[in-house]
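The values are calculated or read from the model by the stated rules, or taken from the named source; none is laboratory data. All of these numbers come straight from a predicted model, not from anything done at the bench. Using ideal geometry, Cβ is built from the backbone for each residue, glycine included, and neighbour counts are taken over all protein chains shown.
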Amino acid sequence: MRIIRKYRLILFGFGFSYLGNWVNLVALNLLVWHLTESPTAMASIFIVGPIARILTSFFAGSIIDRYNKQKLMIYSDIIRGILILLLPFTSSIWLIYGVLFLSNIASSFFGPSSTYYISKYVPDKDKQSFNAILGIFSSGSFLIGPALAGFIIALSDVSVAIWFNALTFFVCALAIFKLPVVDGRQDMHRQRLTWQMLKEDYGIVYAYIKKERAFAKVFLYFQGALMIAFALDSQEATFIKQNLQASDSLYGVMVSIAGIGAIIGGAMAARYAKRFSTRQYIIYGLLLTTICYTLFYLSPNVAMGTISFIALGICMSFCNAGYSTFYQLSVPSAIMGRFGSVSTMGVNMLQIVFTLALGILADWLSLQLVCIVFGILAIFISLLLYVFMHSKSAYEGLKEEIV
C-alpha cells in the first residue's frame, strides 16, 4: 500500500518495538505469576506504570513542548532498553516493580513525543489510514508476540524473552534517528524549568479544556471506558489460568490467536478509513470493544474465550484508529506535550483506582463476577459517549473532519 511505502521507517520502528512489548508482557506475567500466584501481585504490574507516569507528568509535558521530540524519543528508547536488560537479574517482586517504575518514567516522555511527531509528520488526509495501518503492526505484534514469547521461553527461559524486548527498544531508537526532523530546527531553545513555568503551563492546558468542552467530554467518556478495559486486562492471565484452567503454553496460544482478529480489524479499518468518519470509528469501536471484554469474562471455556478475544481484536482496531486520529486532529501541536502529560496524570489515576479495586475485589469475591460487573460499567460509559457524539453540541463543538 502507498501509506506503508511512504511511512515504512516509522512503521517498522514502532512495529518492532510493539513486538518486543508483547513478548515482554507474556514473559513478565509468567514471571510474576510463578513468584506470587496472586491476583493482587498481577494487578500491581499494571499499577506501577501509572504511578510512575503520574509523578513524571507533573513536569514531563513542559519539557516535551520545549525540546526536540525526536531526540526525546531516542533517549527514552535507549534508557528503557538498558533497564529491561537488567530485569532478569532482579531476585524479588519489589525489585521487578522498581525496574518497571523507572522504565515507565522514560515512557512518559516517549508517548506524547511520538504523538506530536506523527501529527506533524503525517498529513491530515493520511492520518486515519496511517493510524489504522500502525494498528495493524500493533495487532501483528499482538499475534506474533505471545507465540514468539512461548517459542523463546520453550527453547530457553523467560530471561531471554525479556532481553529480546530490550533489543527492540534499541532498534526502534535507530529507526527514529533516521527519520526526518519535524521540529523546524534541530536544536530547540532550552529554558530552565521553574515552578512559575509549570504553573503557566497548567493554566494553558486548563484554558484549552475549558474552551473545547466537546473535546473534553469525548476524552473523558472514552478514557473512562478504556481505563476499565485496561483494569480488566490485568486479570486476563489470572482468569485464563484460574477459571479456564489453561496451561502456560495454551495461554500464549490464546492471546496469539486473538491477534488474528486484531489484524483483520486493522486491515478493515485501513481499508475503510476514508469511507467512514472518525466519530463512527470511535463510538461503534468503543461500544463493541467493551461488549467483547464482558463476553470474554462470561466465557465458560477456552473456546468461547478465544472467540471473544478474536472479536475484541477486530473492534479495538477501529476504536484505536478513530481515537488516535481524533486526538491528533483536535489537540494543537504547540501544547500537545503539556496536554498529554496533564491528561496522562488523570487517566493513570483512574487506571490505578480501577485496577487496584478490581484486584482487591477479585481476591475477596469471585474473579469472574467482579470482571463482568466492571465490563458492564464500561459498556454503560460507552453508551454515554455514543449518545453525546450524536448530540447537537458534539456536531457544533468538534472539528468537521471528526464528525
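The table for this structure:
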| read-out | value |
| --- | --- |
| Odd one out for ALA311, checked against (1) modelled with pLDDT under 85; (2) small (Gly, Ala, Ser); (3) surrounded by 15 or more Cβ atoms within 10 Å (Cβ to Cβ) | (1) |
| Given (1) farther than 28 Å from ALA362 by Cβ; (2) in contact with a Phe, Trp or Tyr (Cβ under 6 Å, 6 or more places away or on another chain), index of the condition ALA273 fails | (2) |
| Matching residues, region 6-57, being more than 17 Å from SER159 (Cα to Cα), small (Gly, Ala, Ser) and in a helix (DSSP H, G or I) | GLY13, GLY15, SER17, ALA41, ALA43, SER44, GLY49, ALA52, SER57 |
| Top-ranked residue in region 280-294 [being without any contact (Cβ under 8 Å) to a residue 60 or more places away in the chain and among the hydrophobic types (A, V, I, L, M, F, W, C); ranked as surrounded by the most Cβ atoms within 10 Å (Cβ to Cβ)] | CYS292 |
| Filtered residue count, region 273-284, keeping only those that are in a helix (DSSP H, G or I) and of a type in the set (S, T, N, Q) | 2 |
| Subset of region 76-128 that is surrounded by fewer than 21 Cβ atoms within 10 Å (Cβ to Cβ), among the aromatic types (Phe, Trp, Tyr) and modelled with pLDDT of 85 or more - its residue that is farthest from PHE164 (Cα to Cα) | TYR121 |
| Qualifying residue in region 130-141 (condition: surrounded by fewer than 19 Cβ atoms within 10 Å (Cβ to Cβ), in a helix (DSSP H, G or I) and among the hydroxyl-bearing types (Ser, Thr, Tyr)) | no |
| Positions within region 79-111 being under 30 Å from VAL342 (Cβ atoms) and polar (S, T, N, Q), in sequence order | SER103, ASN104, SER107, SER108 |
| Region 316-330, residues that are buried (at least 24 other Cβ atoms within 10 Å of the Cβ) and of a type outside the set (Gly, Ala, Ser) | MET316, PHE318, CYS319, ASN320, THR325, PHE326 |
| Qualifying residue in region 45-52 (condition: closer than 22 Å to TYR97 by Cα, surrounded by fewer than 17 Cβ atoms within 10 Å (Cβ to Cβ), out of contact with any Gly (no Cβ under 9 Å at 6 or more places or on another chain) and not polar (S, T, N, Q)) | no |
| Entirely in region 285-403, the helices (runs of 4 or more DSSP H) that have 2 or more residues that are touching a Leu at 6+ places or on another chain (Cβ under 9 Å) | 302-330, 336-364, 367-389 |
| Test: LYS210 is farther than 18 Å from ILE64 by Cα, loosely packed, with under 13 Cβ neighbours inside 10 Å, modelled with pLDDT of 80 or more and not hydrophobic (A, V, I, L, M, F, W, C) | yes |
| Test result for ILE162, in contact (Cβ under 8 Å) with a residue 60 or more places away in the chain, farther than 19 Å from LYS6 by Cβ, surrounded by fewer than 21 Cβ atoms within 10 Å (Cβ to Cβ) and in contact with a Leu (Cβ under 6 Å, 6 or more places away or on another chain) | no |
| PHE110 vs. criteria farther than 23 Å from SER330 by Cα and either under 17 Å from the mean Cα position of the chain (by Cα) or aromatic (Phe, Trp, Tyr) (or both) | no |
| Test: GLY259 is under 16 Å from the mean Cα position of the chain (by Cα), farther than 27 Å from VAL48 by Cβ and assigned to a helix (DSSP H, G or I) | no |
